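Here the structure comes first, spelled out in structure tokens, and everything after it is commentary.
The values are calculated or read from the model by the stated rules, or taken from the named source; none is laboratory data. All values derive from a computational prediction rather than experimental measurement. Quick reminder, even Gly has a Cβ in these numbers, built from the backbone with ideal geometry, and neighbours come from all protein chains shown.
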Amino acid sequence: MRDSLVAFDKATREELILHTMVVRRGPVNYTLGGPDDEFFVTLEPGKPAEFSTPFGYGHTTLPGHQYLVDLQEGESVDWWKKGRKEDVLNLPGKDRGASRSEGEPIVLSLDEPVEYKLLPLEN
């Protein structure tokens, strides 16, 4: 389980309890076009990348309230490679050594927490 995110009510600074899940699965498939291909991305300097995923709260959140979300201190990316995913992932039947990370983990951080407003559901 990774507790990657921490969230707070902006007005009260009360920490929100985020639902987390434990997922048990087999080893990661490092093959281009394989079942885990969608989880590998190419990040390029100067080109923004947006990622989204649903997450739930174990705390009562209120429509119209402002919230802050941040990364846990020390959150890191343990596996990375230089180059485009098309060039570093294994090809079917050809091992390019994709499962071995290029270097030490990269520690992630945000300059400021990300602010968002919870919108009411529309009927």
Looking only at the range 58-94, which residues are touching a residue at least 60 places away in the same chain (Cβ under 8 Å), under 20 Å from the mean Cα position of the chain (by Cα) and assigned to a loop (DSSP other than H, G, I, E, B)? Gln72, Glu75
Every residue from the range 1-25 that is modelled with pLDDT of 85 or more and either among the charged types (D, E, K, R) or within 28 Å of Arg96 (Cβ to Cβ) (or both): Asp9, Lys10, Arg13, Glu14, Glu15
Hey, Val77 hits all of (1) surrounded by 12 or more Cβ atoms within 10 Å (Cβ to Cβ); (2) over 30 Å from Ala11 (Cα atoms); (3) hydrophobic (A, V, I, L, M, F, W, C) but one; which does it fall short on? (1)
Kindly evaluate Thr53 against the criterion of being closer than 26 Å to Leu16 by Cα, among the polar types (S, T, N, Q) and either loosely packed, with under 10 Cβ neighbours inside 10 Å or at pLDDT 95 or above (or both). yes
Long-range neighbours under 7 Å by Cβ, at least six apart or interchain, first residue part of a loop (DSSP other than H, G, I, E, B) within the range 12-27, second modelled with pLDDT of 85 or more: Glu14/Phe8
